[in-house]
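Report on the structure given below.
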Amino acid sequence: WQCILQAPCTFPSSLFSDVLLNIIRNPNLTSPLLFRADILYDSETDHLFDADGTWGEENGGAKRGEWEGWKLQRVLVRMLVPRNERRDEGMVQSCWLLRKSDESEDGSGTMEHHLVVLVPHVEAVEEMPFYHPAVEQLAFLHSWRAAPSPPRAPPEQDQCEFEIGDEQPGTLTLLIHRTSQILLSTIHKHATGLLTGYTKRVHHDRLIPQAQYQNTYSRLKSKYGRTISEQWVEVTDPGKHVFEDLGIAAWCIEVWRMLYEWPKGKPPFPGFVDIGCGNGLLAYILLSEGYPGWGFDARERKTWSIFPPEIRAKLQQRVLVPRTLQGEALGDGVQWHNGFFEPGTFIISNHADELTAWTPLLGYLNGSSWMAIPCCSHDLGGKRFRAPARSRGMKMPSAYSTLCSYVSSLSREVGYTPEEDILRIPSTRNTCVLGRANVVNG
C-alpha cells in the first residue's frame with residue numbers, strides 16, 4: 001500500500017462513513033465518466049451475513065483481502081455503470097467498510113479508525129476500464145480521537161491510499177495523483193457540508209428511477225447523438241442542445257411507459273403534440289422511436305431540413321391562438337391553431353415561452369396529460385412578467401422558481417395534481433411539471 005494524500009479533518013467518523021456510502025452509491029459525484037452504481041449486494045439486507053466468520057469470495061460473495069486487526073462492519077458489491085459503454089463495459093467492485101480502535105502514539109487518547117477499501121473484480125491491472133485508476137485496490141482511512149484532543153495532540157487525519165500492482169512497484173502516475181485529489185477533496189467537501197448543517201435542496205428522479213432513465217438515455221445517445229451533432233446546422237451549441245433533448249426524450253419515453261404501457265390494462269398511447277417545438281429535435285427523436293405525434297412552432301427552423309421527409313411532414317409552422325382568443329387571431333396568411341387536438345393527446349411544452357402558462361389549460365380543454373419545462377416567464381396574455389411568490393419568506397425565491405410554481409398553481413385551478421421532477425439535462429432550466437389526466441379534467 002502507498003499513501004498518496006492525507007489531510008487534517010474536522011468531521012467525525014460517522015460523517016466520513018455517511019459520505020463514503022453516498023459516494024459508493026453515487027460514483028458520478030467523483031467522476032463525470034460514470035453514470036451511477038447499481039448495488040448488487042449489501043450485507044445490511046443479508047440476514048445470513050456473519051462479519052466474524054469466513055464469509056467472502058469463497059461463498060460466492062465479494063472479493064476480500066486480509067486486514068489484520070480490523071473489524072468488518074459492512075460489505076457492498078456494486079456495478080459501476082459508465083456513461084460511454086461503447087468504450088468500456090461496467091465493472092463489478094467490492095466495497096469493504098472496516099473499523100478498529102487503538103491508543104494514539106503520543107498517549108493522548110483512544111483513536112477510532114475507519115477504513116473503506118474498494119476492490120475491483122478484475123484479474124489484472126491491465127484489464128481495468130478507462131474510468132478507474134490502474135491500481136489493484138484503493139482505500140480511504142479516517143482517524144479520529146474518541147475523546148477531546150489535548151492542546152498539543154496531532155490533528156485527526158483523512159487519507160487516500162492505493163495498492164499499486166506488483167508488476168509496477170512504486171509507480172505513481174499523474175492521473176493517480178489527480179484522482180486522489182478529486183476523491184479526497186470530495187470527501188472533505190461533503191463531510192464538512194454535513195457538519196455545518198447542509199441539506200440537499202435538489203432531488204432528481206422523483207418520478208422515474210435513475211437507472212431506468214439513464215439506460216434509456218444511454219441508448220438514445222448511442223443511436224442519435226453523434227449523427228445529429230455532425231449534421232447540426234444551427235448557430236447554437238450542439239453539445240448542449242442535442243444532449244438536452246436526448247435527456248428530455250428519455251424522460252418522456254419512461255413517463256409514457258408509466259402512464260400508457262405498463263402494467264397491462266392501461267390505455268394505449270394517444271399520440272403527442274410538441275407545442276413550440278423549436279428546432280424539432282425532440283419531436284424527431286420521439287417520432288423515430290415509434291411514438292406517433294407532431295410538432296409546430298411560430299417559425300420554421302434550419303434544423304428541420306436535416307430530418308427525413310416523413311419527419312419534416314410532422315413539423316409545421318403555426319401560431320397557436322386558443323379558441324377563447326380567436327377574436328384577436330392573426331390576419332390572413334398566417335397558419336394558426338386553435339388549441340384543440342385529438343382528445344387525450346399528450347402535450348409537450350419544452351421551453352415554450354408564451355405557451356408555457358397555457359399548457360395546463362390546453363391539457364384541460366383536451367382531456368390530456370401534459371408536461372411543461374418552463375423557461376422564460378410570460379403571463380396568459382403573452383407579456384413578460386415575474387410570477388408572484390406564493391409566500392413571503394426570509395429569502396425571495398428566484399424568478400424561475402416562481403414561474404414553476406405559477407404553472408403548478410394554474411394546473412391546480414383546472415383540476416390537476418401537478419408533479420415536479422428535476423431532469424438530468426445540461427440546463428439550469430431543468431424543472432419539469434407533469435399533469436396527469438384525471439376524472440376532473442376528463
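Could you tell me what percent of the DSSP beta bridges with both partners in the chain are antiparallel, to the nearest 5? Approximately 75 percent, going by the DSSP bridge assignments.
Put simply, when 132-141, 39-48 are sorted by average Cβ atoms within 10 angstrom per residue, most first, you get 132-141, 39-48. Within a straight-line Cα-Cα reach of under 21 Å, Lys100 can be paired with the following lysines, leaving aside sequence neighbours fewer than 8 residues apart in one chain: Lys63, Lys71. Convex hull volume of the Cα atoms of the range 190-261, normalised per residue: 145 Å³.
Over the chain, what is the relative contact order in whole percent, taking alpha-carbon pairs under 8 Å and six or more residues apart? Computed over the chain, the figure is 10 percent.
Highest mean first, how do 243-250, 20-27 rank when packing is the count of other Cβ atoms within 10 Å averaged over residues? Don't skip to the end; give the middle numbers.
Numbers: 243-250: 23.6, 20-27: 18.0.
The packing order, highest mean first, is 243-250, 20-27.
Give me the extension gain from His337 to Glu68: residue separation times 0.36 nm, minus the current Cα-Cα distance, reported in nm with one decimal. Please list the in-between numbers first.
Details: separation 269, 0.36 × 269 = 96.84 nm, distance 7.46 nm.
This chain segment gains 89.4 nm when fully extended.
Placing R0 at 35 angstrom, the Cβ-Cβ distance between Val233 and Ile39 gives a FRET efficiency of 0.20 after rounding to 0.05.
Highest-first packing order for the peptide set 345-357, 185-197 is 345-357, 185-197, based on the mean count of other beta carbon atoms within 10 Å.
Computed over the alpha carbons of the range 213-310, Rg followed by Dmax gives 13.8, 46 Å.
Per-residue ellipticity at 222 nm computed for the chain from its helices equals -7500 deg cm²/dmol, with DSSP H segments shorter than 4 residues left out and the rest contributing -39,500 (n - 2.57).
Given charges of +1 on the Cβ of Lys and Arg and -1 on the Cβ of Asp and Glu, with all other atoms neutral, how large is the dipole of the chain about its Cα centre, in debye to the nearest 20?
Numbers: 44 positive and 52 negative charges, 467 e Å.
With Lys and Arg at +1 and Asp and Glu at -1, about 2240 debye.
If you look at the Cα atoms of the chain, you get an Rg and a Dmax of 27.1, 91 Å.
Rounded, prolate or oblate: which fits the range 210-435, taking a ≥ b ≥ c as square roots of the Cα gyration tensor eigenvalues, rounded meaning a/c under 1.5, else prolate when a/b beats b/c? Before the final figure, lay out the partial values.
Working: a/c = 1.32, a/b = 1.16, b/c = 1.14.
Here the range 210-435 falls in the rounded category.
Any read-out appearing in this document is the output of simple, stated calculations on the displayed coordinates, not a laboratory observation. It should be emphasised that the depicted structure is a prediction, and the values quoted were computed from it without experimental measurement. Note: ideal-geometry Cβ built from the backbone for every residue, glycine included; neighbour counts use all protein chains shown.
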